[in-house]
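Engineer: If you scroll down you'll find the structure; I have some questions about it.
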Amino acid sequence: MDKHVLLIDDDPIFHIIFTRMIKKVYPSLNVNSSLNGKIGLEYLNKNYNINDQYIILLDINMPIHNGWQFLDGIKKKGIMQNNNITIFVVTSSTDLDDIKRAKSYGFVKDTLSKPLSVDSLNHVLKPLIN
Amino acid sequence: MSKDSLPLTILIIEDNLGDFVLLEDYLLEKFDVIRIFQEESFDGAILKIKSANKIDIILLDLILPYLQGGALVEKIQEYSGDIPIIILTGYTDIDLAQKILSMGVSDFLIKDEINPEILYKSIIYSLERKSYINGLNKTKKTYQDLFNLSPQPMWLYDISSLAFLDVNQAAITKYGYTLEEFKNMTIRDIRPKEEMESLDDSLAQRVSKDAYGFAGVFVHRLKSGKHINVEIYSSNIEYNNKIVRLVLANDVTDKLEYIKQIEAQNVKLKDIAWTQSHVVRAPLSRILGIINLIELESFNSEDLPYLIGQLKLSGNEMDDIVRNIVSETKLLNLNGLNNG
């Protein structure tokens, strides 16, 4: 069983910061970066394995496919019920509407605000580490 | 028998001295405080009416030298205003006298039948009737003024033909049509074409519910072609023995325009708030994220110059965004001032 961290965010700086932090804290984890929701879905289409475990960190405001479109897409795929994907919405928005909307997707585990601290990173990655 | 103490000034227009003396006797018998003038000719009578003497009532012999009957009455009425006129006539002129009644004289008395009682009664009735009619006219005028001089445009229209029956001054000023033009128009003529359907709907609704009061906000077209938004209030009233519709129109164009402006400003403010929440926080969270990373890395890391460069970029980006918000807010204030 492999463990994957999927980062879907259009901000390349966030990718850099995030991958470096993970490398510092959990050097063994494999991080995949997608710059928008469409690329993220395509990655899953190609590489999804029912025996693997996935953590997805999803931004909301992105070009091409935004976070909502990604959530709708993955819901349609019907792979959430396999219980091997955990999704966190990570956004720089403090907009309550966004947070409410994210919660309306039952399978979104939590909503986190950027920037991610080491503490919130630990919280997010817990399911993979244990 | 006590005399009536009503102070009266009476003008008797009578060329027959015998008849005059008789009338004078009868009057003196009934009235205590009375002034009597006699004039024998039409010209003299007019002079007397025009003089400073306030005449309360005129007794008019129907046959004067040079001028008789209807023509005489008509001429006298040109000068007499609202002074009641009682016609004095002989038996032979009864038909004529009856016709003249329709010209607005108060009464006619047949000379041979006159006695103090009849004369007294006729005078008192005439005076009473005059004050009653004056009162009625005054009430009528008050109500007409309420309509005509109202600062709100108002009109009456016929329910079946939709033709304007009457229009007040404010409506004439607001819509730009003269009263005559209005009277040749229907209420459809002050609507733009695209409003006909909503007019028909509203009319149908009003008929079925016999509605009273607020009818809604409609678009009307002025003679100039300009469109205005009006709040319409209407109710049925009786006018010339017919049920017609009374309409009051309140121009709310400016009010609606003002609300629209406020709504546009709200959208803009919402945009700014959204920017605050999403756009400003993006570089800010990046800056904080980089700081988190620097804390994690050792300070002499070879990546440090790169990270500091990124900090600078994000800082500048944020600076631009904040400047942009400030200028947009200023623009909002300017718009408000220009339109206010």
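The values are calculated or read from the model by the stated rules, or taken from the named source; none is laboratory data. Keep in mind that what you see is a predicted model, and the values were worked out from it rather than measured. Positions of Cβ are backbone-derived with ideal geometry, glycine not excepted, and every protein chain shown enters the neighbour counts. In case anyone asks, the SASA skips ligands and DNA or RNA and just uses the protein heavy atoms, side chains included. Shrake-Rupley method; radii C 1.70, N 1.55, O 1.52, S 1.80 Å.
Engineer: B:N240 passes all but one of (1) open to solvent by less than 40 Å² (accessible area, probe 1.4 Å); (2) more than 10 Å from chain A (Cβ to nearest Cβ); (3) modelled with pLDDT under 85; which number fails?
Structural biologist: Exception for B:N240: condition (1).
Engineer: Which of (1) among the polar types (S, T, N, Q); (2) touching a residue at least 12 places away in the same chain (Cβ under 8 Å); (3) assigned to a helix (DSSP H, G or I) is the odd one out, the single condition B:N236 does not satisfy?
Structural biologist: (3)
Engineer: Of the conditions (1) more than 10 Å from chain A (Cβ to nearest Cβ); (2) among the polar types (S, T, N, Q); (3) surrounded by 17 or more Cβ atoms within 10 Å (Cβ to Cβ), B:S277 fails just one. Which one is it?
Structural biologist: Tallying (1) more than 10 Å from chain A (Cβ to nearest Cβ); (2) among the polar types (S, T, N, Q); (3) surrounded by 17 or more Cβ atoms within 10 Å (Cβ to Cβ), B:S277 fails exactly one: (1).
Engineer: A follow-up question, please. State whether one or more residues within segment A:115-124 are at pLDDT 90 or above, open to solvent by less than 30 Å² (accessible area, probe 1.4 Å) and not in a helix (DSSP H, G or I).
Structural biologist: no
Engineer: Here is a further query. Please enumerate the residues belonging to segment A:101-114 that are open to solvent by 40 Å² or more (accessible area, probe 1.4 Å) and either more than 8 Å from every other protein chain (Cβ to nearest Cβ) or among the charged types (D, E, K, R) (or both).
Structural biologist: Result: A:R101, A:K103, A:S104, A:G106, A:F107, A:K109, A:D110.
Engineer: Continuing with the same structure: Somewhere in segment B:247-259, is a residue assigned to a helix (DSSP H, G or I), modelled with pLDDT of 80 or more, touching a helix residue (DSSP H, G or I) at 6+ places or on another chain (Cβ under 6 Å) and not assigned by TED's automatic domain parsing to the domain that holds B:H227?
Structural biologist: Filtering segment B:247-259 for residues assigned to a helix (DSSP H, G or I) gives B:253-259.
From what's left, modelled with pLDDT of 80 or more: B:253-259.
Checking which are touching a helix residue (DSSP H, G or I) at 6+ places or on another chain (Cβ under 6 Å) leaves us with none.
The answer is no, given that none of the residues of segment B:247-259 is assigned to a helix (DSSP H, G or I), modelled with pLDDT of 80 or more, touching a helix residue (DSSP H, G or I) at 6+ places or on another chain (Cβ under 6 Å) and not assigned by TED's automatic domain parsing to the domain that holds B:H227.
Engineer: Right, here's the next one. Among the residues of segment A:89-114, how many are part of a helix (DSSP H, G or I), more than 13 Å from the chain's Cα centre (by Cα) and of a type outside the set (S, T, N, Q)?
Structural biologist: Applying the first criterion (part of a helix (DSSP H, G or I)) to segment A:89-114 yields A:96-104.
Those still in the list that are more than 13 Å from the chain's Cα centre (by Cα) too: A:96-101, A:103-104.
When the remaining residues are screened for being of a type outside the set (S, T, N, Q), the result is A:96-101, A:103.
Number of matching residues: 7.
Engineer: Here's another thing I want to ask about it. Just a yes or no: is a residue in segment A:91-100 away from chain B (no Cβ under 14 Å) and more than 24 Å from B:N292 (Cβ to Cβ)?
Structural biologist: Checking segment A:91-100: not a single residue is away from chain B (no Cβ under 14 Å) and more than 24 Å from B:N292 (Cβ to Cβ).
Engineer: Given the conditions (1) in contact with a Pro (Cβ under 7 Å, 6 or more places away or on another chain); (2) modelled with pLDDT under 85, report the number of the one that B:M318 does not fulfil.
Structural biologist: (2)
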